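Student: Got a structure for you, written out below as structure tokens; questions coming shortly.
The values are calculated or read from the model by the stated rules, or taken from the named source; none is laboratory data. Not measured: the values here are computed from a predicted model. All Cβ positions, glycine included, derive from the backbone under ideal geometry; neighbour counts span all protein chains shown. When the accessible area is computed, the model is the full protein with side chains, heavy atoms only, and any ligands, DNA or RNA have been set aside. Shrake-Rupley method; radii C 1.70, N 1.55, O 1.52, S 1.80 Å.
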Amino acid sequence: MLIKKPSDIKPSEITPESVYKNRREFMLDGSKLLLGAAATSALPSVANAQNGDSLKARAPAAMRRSPPAAWWANKFQDIKPAPDSEPFFTGESLTPYEDVTIYNNFYEFGMDKSDPATRSGEFKTDPWSVEITGEVSKPGTYHLEDILKPVDLEERIYRLRCVEAWSMVIPWIGFPLADLIRQFEPTSKAKFVEFETIIDADTMPGIRSRTAIVSWPYREGLRMDEAMNPLTFMAVGLYGSYLPSQNGAPMRLVVPWKYGFKSIKSIVKINFRETQPNTTWNDLQANEYGFYANVNPAVHHPRWRQDMERRLPQTLFSRRVIETRLFNGYGEHVAHMYDDMDLAQYY
Ligand code: MTE
């Protein structure tokens, strides 16, 4: 997600640069291939996990996290397993827990993929409050425990497609964003929802960095119908356990038909508004990162082709390159929201 001004990009540079990046990432990935391979064999397969297990996918026992506070343990006792059919499930192999929790984008902790995992040890996720503002009948600052009280947690196995052309399959734990939105009773003027990530310079080294390119807080937004779509999910866990800090603890958005940068992490503010909000990547480079950011193999990013993706983890012998699908394969459930729009213009 690095930035380059359009005027700096020569057409001839586009392919070599993406090839270079892929090569670099391939070499970096190589260092943990053996670890990844060993861990994969230790993971329950989706099919195995169904035998006597209440959830389809669980983290390896040694890696299960302890609850951020006592109340979390109660909440996690009753989780509905993912169904056996699309769209809340995919039969594709899960990305191993190790890759989901080591290969991350969370610039508040640094720009390298391993920074969020290695530099988030001090990050505190309890107590945690979320401020609800704007066009709602019940604005206020709510403790996360109270927001989660009325919702039922469920497991959803979704594809995550990053604009950098890699993808994963992740078993999330959480609840539909619509269930959270209804609690605060948006007014008829609420046409968009805006989200903000916490800024905690003491525990987030990326925020202290002088070379940071993001102007904090990280911001994202959805149109109201997108936010209310049954696929749009608030995750509080993955692989049957609490969300690790590097994945956006204690609560992050997951929008499976959009590029990963829409799925904002560690949310502290939700604002309901009449007009389209500014969003972090769109503000930084509007010609590279659109507000909609729907996964679309026909609309390329200047530096990453979008018709193919590298499904992680890769191995020395297989780069696992697969075709990217429009709306990341969720078109049947979301395409109607964009019927009147030119997707090349509203990318
Ligand atoms: N949210 C915040 N606050 N900061 C970030 O840097 N990165 C985004 C998104 N949410 C990001 C964020 C990007 S670019 C991606 S691809 C996904 O998080 C990655 O989620 P993951 O690390 O859990 O795979």
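Student: Looking at the range 326-339, I want the residues that are farther than 11 Å from Asp225 by Cα and aromatic (Phe, Trp, Tyr) and have a partner that is open to solvent by 10 Å² or more (accessible area, probe 1.4 Å) and in a helix (DSSP H, G or I) with Cβ atoms under 7 Å, at least 6 apart or on another chain. Which pairs are those?
Tutor: Listed by first residue and then by second, the contacts come to Phe327/Ala335.
Student: Would the range 169-181 turn up any residue that is within 13 Å of the ligand (Cβ to nearest atom), in a strand (DSSP E or B) and surrounded by fewer than 21 Cβ atoms within 10 Å (Cβ to Cβ)?
Tutor: Within the range 169-181 (the criterion being within 13 Å of the ligand (Cβ to nearest atom), in a strand (DSSP E or B) and surrounded by fewer than 21 Cβ atoms within 10 Å (Cβ to Cβ)), the answer is yes, since at least one residue qualifies.
Student: Please go through the range 64-98 and give me each residue that is in contact with a strand residue (DSSP E or B) (Cβ under 7 Å, 6 or more places away or on another chain), within 15 Å of the ligand (Cβ to nearest atom) and closer than 16 Å to Met168 by Cβ, ordered by number.
Tutor: Leu94, Thr95
Quick grid of which residues meet (1) free of Cβ contacts under 8 Å to residues at least 12 places away in the same chain; (2) surrounded by 19 or more Cβ atoms within 10 Å (Cβ to Cβ):
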{"site": "Ala62", "(1), (2)": "yes, no"}
{"site": "Lys80", "(1), (2)": "no, no"}
{"site": "Phe89", "(1), (2)": "no, no"}
{"site": "Ser93", "(1), (2)": "no, no"}
{"site": "Tyr97", "(1), (2)": "no, yes"}
{"site": "Val100", "(1), (2)": "no, yes"}
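Student: Here is a further query. Which count do you get for residues in the range 135-161 that are touching a residue at least 60 places away in the same chain (Cβ under 8 Å), surrounded by fewer than 19 Cβ atoms within 10 Å (Cβ to Cβ) and within 19 Å of Phe195 (Cα to Cα)?
Tutor: 1
Student: Go through the residues of the range 247-258 one by one and say whether even a single one is of a type in the set (Lys, Arg) and either crowded, with 23+ Cβ neighbours inside 10 Å or within 12 Å of the ligand (Cβ to nearest atom) (or both).
Tutor: Yes, some residue in the range 247-258 is of a type in the set (Lys, Arg) and either crowded, with 23+ Cβ neighbours inside 10 Å or within 12 Å of the ligand (Cβ to nearest atom) (or both).
Student: Out of the range 61-87, which residues are over 14 Å from Leu238 (Cα atoms) and either among the hydroxyl-bearing types (Ser, Thr, Tyr) or under 15 Å from the mean Cα position of the chain (by Cα) (or both)?
Tutor: Ser85
Student: Further, regarding this structure: When the residues of the range 289-301 are filtered to those that are out of contact with any Asp or Glu (no Cβ under 8 Å at 6 or more places or on another chain) and assigned to a loop (DSSP other than H, G, I, E, B), which remaining residue is surrounded by the most Cβ atoms within 10 Å (Cβ to Cβ)?
Tutor: Val295
Student: Which of the residues that make up the range 202-213 are at pLDDT 95 or above and under 23 Å from Lys262 (Cβ atoms)?
Tutor: Those that are at pLDDT 95 or above and under 23 Å from Lys262 (Cβ atoms): Met204, Gly206, Ile207.
Student: Go through the range 278-288 and give me each residue that's crowded, with 19+ Cβ neighbours inside 10 Å and at pLDDT below 95.
Tutor: So the first thing to find is which residues in the range 278-288 are crowded, with 19+ Cβ neighbours inside 10 Å, and the list is 279-282, 288.
If the condition is that a residue be crowded, with 19+ Cβ neighbours inside 10 Å and at pLDDT below 95, then Glu288 is the only one that fits.
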